1. Looking at residue 332, is it in contact with an Asp or Glu (Cβ under 6 Å, 6 or more places away or on another chain) and assigned to a loop (DSSP other than H, G, I, E, B)?
2. What about residue 306, is it among the acidic types (Asp, Glu) and without any contact (Cβ under 8 Å) to a residue 40 or more places away in the chain?
3. In segment 248-281, what count of residues is obtained for those that are at pLDDT below 90 and open to solvent by less than 90 Å² (accessible area, probe 1.4 Å)?
4. Inside segment 23-40, can you point out the residues that are at pLDDT 90 or above and either part of a helix (DSSP H, G or I) or in contact with a Leu (Cβ under 9 Å, 6 or more places away or on another chain) (or both)?
5. Confirm whether residue 215 is surrounded by fewer than 17 Cβ atoms within 10 Å (Cβ to Cβ) and out of contact with any strand residue (DSSP E or B) (no Cβ under 8 Å at 6 or more places or on another chain).
6. In segment 69-84, is there at least one residue being in a strand (DSSP E or B), under 19 Å from the mean Cα position of the chain (by Cα), aliphatic (A, V, I, L, M) and surrounded by 14 or more Cβ atoms within 10 Å (Cβ to Cβ)?
7. Quick check on segment 182-200: of everything there that is β-branched (Val, Ile, Thr) and at pLDDT 95 or above, which residue is surrounded by the most Cβ atoms within 10 Å (Cβ to Cβ)?
8. One residue is enough: does segment 112-127 have a residue meeting the conditions aromatic (Phe, Trp, Tyr), under 26 Å from the mean Cα position of the chain (by Cα) and either open to solvent by 40 Å² or more (accessible area, probe 1.4 Å) or modelled with pLDDT under 90 (or both)?
Amino acid sequence: MKKGSFQWMKSLNRSIVLNKIRIDGPISRAEIARDTKLTPPTVSKIVSDLLSSELIIESEIGASLGGRKPTMLIINTDRFHVIGLDIGPTSIRGILTNLTGKLIEHNHLPITESITNEKLIIFIKKLVTKLVSDHEDKEIIGIGIGMHGAVDVERGIALYAPMLHLKDVHLKSELEKAFDVPIKVDNDVRAMAFGEYWYGNGEHNENMVTVNLGHGVGAGIILNGKLFHGEHDLAGEIGHMTVDLSGKLCSCGNIGCWQTLVSGPSIAEEAKHALFQGNKSILENKVIEGKTVYEAAVAGDALAIEVLAKTGEYIGIGLTNLIHMFNPKKIIIGGGVSGASDFILQHIKEAITKRGLTEQAKTTDISCSTKGSYSTATGAASLILADVFLEN
């Protein structure tokens with residue numbers, strides 16, 4: 001794996017120009033100056049520096065507007081690359097992308113039950129090596145990590161990964177020592193949220209929330225175009241807000257957490273309870289998981305469809321609370337549960353319409369992620385890209 005060698009020039013004007021080329025390229029120097037309100041000499045100097053660093057290259061000649069035909073500028077997609085990792089409860093997923101986010105390689109490794117801090121670092125190193133094994137010519141300028149659990153973002157430490165039963169994993173220091181490139185670490189759901197903002201459905205939405213519904217429940221919050229971490233990097237732990245004082249015991253030790261109503265395991269438990277009550281279903285005598293409930297619903301099973309409809313209502317109740325707290329322009333639902341969008345999305349929206357305080361709240365844009373199983377890894381890669389393209 002080749003290590004990135006260029007120095008990132010951090011200035012507001014440089015970031016404006018580079019990001020303009022990323023979003024609107026091919027683009028001419030004159031167009032950049034016109035659209036950004038920067039002076040032509042300023043743009044020319046910055047472009048010269050960016051060409052020297054090989055972050056951008058000159059491409060085709062543009063159309064003339066009366067004078068000499070302008071030279072167009074684009075991001076140098078072949079020069080620098082980034083790695084994004086998603087460290088979850090059961091596996092590590094990784095991607096290799098260029099600076100525009102184009103996927104070059106992806107791979108994953110299952111996590112064994114006997115995982116330790118040291119073994120996790122070894123697993124990560126192994127996956128990174130696999131990602132670049134067929135791409136030794138690619139120059140890597142950073143590795144972004146979306147880590148399950150509570151994370152110290154500044155120091156790059158996984159403070160507590162509850163489903164892995166790990167504490168104080170020094171990801172940043174250990175991996176920078178191993179690979180000699182910058183490492184960015186954040187919570188997995190926040191990484192997913194930033195990826196949605198950077199690449200996908202959330203583009204141009206400066207205030208948005210991404211909610212991950214899977215084995216657990218969490219949220220990533222974008223405020224004014226930046227990830228919101230809170231005072232101690234705990235912002236977004238919405239799965240543990242209490243919604244039912246007489247509800248079920250949560251894995252966190254509290255009663256009636258939202259997670260006990262809308263996660264994948266909770267869907268399975270609701271289906272089991274309905275069967276226990278004597279309801280008929282094709283789920284009888286099967287190993288019931290959230291996925292099998294969804295498959296039964298696709299097959300037309302009335303019990304499974306009802307369970308997912310009820311789950312959708314519970315999701316909508318929780319999202320209404322989020323809307324009233326943060327008033328986002330958009331909410332994106334990700335994670336395994338979002339795969340059942342055909343059965344839950346309508347009920348989510350109906351619950352929000354019923355409970356929203358204002359017409360604007362009732363009509364908040366709600367959609368399900370289209371990024372698939374590598375959405376967090378993609379978001380983790382975008383943490384590095386933001387360091388390249390944006391002034392921090």
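The values are calculated or read from the model by the stated rules, or taken from the named source; none is laboratory data. The shown structure was predicted, so the numbers you read here are calculated from the model rather than taken from an experiment. Note: ideal-geometry Cβ built from the backbone for every residue, glycine included; neighbour counts use all protein chains shown. Ligands, DNA and RNA are excluded from the accessible area calculation, which covers all protein heavy atoms including side chains. Shrake-Rupley method; radii C 1.70, N 1.55, O 1.52, S 1.80 Å.
1. So residue 332 does not fit the description; no.
2. In short, yes.
3. 3
4. Just the residues of segment 23-40 that are at pLDDT 90 or above, to begin with: 26-40.
Result: 26, 27, 28, 29, 30, 31, 32, 33, 34, 35, 36, 40.
5. Values: surrounded by fewer than 17 Cβ atoms within 10 Å (Cβ to Cβ): no; out of contact with any strand residue (DSSP E or B) (no Cβ under 8 Å at 6 or more places or on another chain): yes.
For residue 215, the condition - surrounded by fewer than 17 Cβ atoms within 10 Å (Cβ to Cβ) and out of contact with any strand residue (DSSP E or B) (no Cβ under 8 Å at 6 or more places or on another chain) - is not met.
6. Here is the first cut: in segment 69-84, the residues in a strand (DSSP E or B) are 71-75, 80-84.
After this cut, where a residue has to be under 19 Å from the mean Cα position of the chain (by Cα) as well, the list is 81-84.
Imposing the further condition that a residue be aliphatic (A, V, I, L, M) reduces the set to 82-83.
After this cut, where a residue has to be surrounded by 14 or more Cβ atoms within 10 Å (Cβ to Cβ) as well, the list is 82-83.
Yes, because at least one residue in segment 69-84 is in a strand (DSSP E or B), under 19 Å from the mean Cα position of the chain (by Cα), aliphatic (A, V, I, L, M) and surrounded by 14 or more Cβ atoms within 10 Å (Cβ to Cβ).
7. 185
8. The answer is yes; a qualifying residue exists.
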